[in-house]
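K.L.:
The following block contains the structure, expressed as structure tokens.
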Amino acid sequence: IQLTQSPSSLSASVGDRVTITCRAGQDISSFLAWYQQRPGNAPKVLIYAASTLQSGVPSRFSGSGSGTDFTLTISSLQPEDFATYHCQQFKSYPVTFGQGTKVEIK
Amino acid sequence: EVQLVESGGGLVRPGGSLRLSCAASGFSFSDHYMDWVRQVPGKGLEWLGRSRDKAHHYSTEYAASVQGRFTISRDASKDSLYLQMNILTTEDTAVYHCARVRTSGSYDLDFWGQGTLVTVSS
């Protein structure tokens, strides 16, 4: 199942509201997760089951959607949020990832 | 504390083989599915395959890109996961991560190792 993230990159300022979308090539219900990856680090799960916030992740992160269209929102961008974000589907094999969205400082 | 530590990466010639290891600690290894994921530096994440838990006889799934060349296995007595990679090409150059699959009905990857770099070059 192909996942298409948009945009591929964006520039934003601290305090901005940021929205990243992930579109699946077919219905994946809510079998979607979002990961944050800082340079040099392994990915870290932020959101699973499309909208469930991982324990310990700040509440400024939220996820929504089901079926084919999903959104990751950062309500107020913080300096530590500048990173690459990946979506992942696990509705069926092979598990697939989106191509990533790099969030850069404006 | 959950920890996943990969090892075994390095430089290998095209056509060669390499076995990666992932040492797990801090959780019941046999009760979790485990995945291998790789990332070409500067590129996206690519899922390689999965080892299911003991209840599912450690059965495996693979991505088409590595099916028949890569093999995932476990040694439950050592809480270790392995990735045997054969017939390597330059396109297999990447950082290889092992990751734990969540058990609570979602199948996302809730813990990741830092990864080990594999470079395939002549």
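The values are calculated or read from the model by the stated rules, or taken from the named source; none is laboratory data. Remember, predicted model here, so these are calculated numbers, not experimental data. All Cβ positions, glycine included, derive from the backbone under ideal geometry; neighbour counts span all protein chains shown. Only protein heavy atoms, including side chains, enter the accessible area calculation; ligands, DNA and RNA are left aside. Shrake-Rupley method; radii C 1.70, N 1.55, O 1.52, S 1.80 Å.
K.L.:
Tally the residues that are open to solvent by less than 60 Å² (accessible area, probe 1.4 Å) and assigned to a loop (DSSP other than H, G, I, E, B), restricting the search to segment A:95-106.
P.N.:
So the first thing to find is which residues in segment A:95-106 are open to solvent by less than 60 Å² (accessible area, probe 1.4 Å), and the list is A:95-98, A:100-101, A:103.
With assigned to a loop (DSSP other than H, G, I, E, B) added as a condition, the list becomes A:95, A:98, A:100.
Within segment A:95-106, residues that are open to solvent by less than 60 Å² (accessible area, probe 1.4 Å) and assigned to a loop (DSSP other than H, G, I, E, B) number 3.
K.L.:
Which of (1) away from chain A (no Cβ under 14 Å); (2) part of a loop (DSSP other than H, G, I, E, B) is the odd one out, the single condition B:Ser30 does not satisfy?
P.N.:
Status for B:Ser30: all satisfied but (2).
K.L.:
Now for a separate question. If I ask for residues that are open to solvent by 60 Å² or more (accessible area, probe 1.4 Å) and either assigned to a strand (DSSP E or B) or closer than 25 Å to A:Ser92 by Cβ (or both), which ones from segment B:85-122 would you list?
P.N.:
Once the filter is applied, which keeps residues that are open to solvent by 60 Å² or more (accessible area, probe 1.4 Å) and either assigned to a strand (DSSP E or B) or closer than 25 Å to A:Ser92 by Cβ (or both), segment B:85-122 yields B:Glu91, B:Thr103, B:Ser104, B:Tyr107, B:Phe111, B:Leu117.
K.L.:
Would you check which residues across segment A:53-85 are open to solvent by 50 Å² or more (accessible area, probe 1.4 Å), within 14 Å of another protein chain (Cβ to nearest Cβ) and not in a loop (DSSP other than H, G, I, E, B) and list them?
P.N.:
Once the filter is applied, which keeps residues that are open to solvent by 50 Å² or more (accessible area, probe 1.4 Å), within 14 Å of another protein chain (Cβ to nearest Cβ) and not in a loop (DSSP other than H, G, I, E, B), segment A:53-85 yields A:Leu53, A:Ser66.
K.L.:
Here is a further query. Taking only pairs six or more apart or across chains, which ones have beta-carbon atoms under 6 Å, a first residue in segment B:76-92 that is not aliphatic (A, V, I, L, M), and a second residue that is not in a strand (DSSP E or B)?
P.N.:
Taking only residues 6 or more apart or on different chains, the pairs are B:Asp79/B:Phe29; B:Asn86/B:Ser17; B:Asn86/B:Arg69; B:Thr89/B:Pro14.
K.L.:
Got a number for residues in segment B:3-20 being open to solvent by less than 30 Å² (accessible area, probe 1.4 Å) and in contact with a strand residue (DSSP E or B) (Cβ under 6 Å, 6 or more places away or on another chain)?
P.N.:
Here is the first cut: in segment B:3-20, the ones open to solvent by less than 30 Å² (accessible area, probe 1.4 Å) are B:4, B:6, B:10, B:12, B:16, B:20.
If we keep only those that are in contact with a strand residue (DSSP E or B) (Cβ under 6 Å, 6 or more places away or on another chain) too, we end up with B:4, B:6, B:12, B:20.
Matching residues across segment B:3-20 total 4.
K.L.:
Now, a different point. Just the residues that are farther than 18 Å from B:Arg100 by Cα, surrounded by 13 or more Cβ atoms within 10 Å (Cβ to Cβ) and not basic (Lys, Arg), please, taken from segment A:20-51. Explain how you work it out, then say what you get.
P.N.:
First pass over segment A:20-51, keeping only residues farther than 18 Å from B:Arg100 by Cα: A:20-30, A:38-40, A:50-51.
Filter once more, keeping what is surrounded by 13 or more Cβ atoms within 10 Å (Cβ to Cβ): A:20-24, A:28-30, A:38, A:50-51.
Across segment A:20-51, the qualifying residues are A:Ile20, A:Thr21, A:Cys22, A:Ala24, A:Ile28, A:Ser29, A:Ser30, A:Ala50, A:Ser51.
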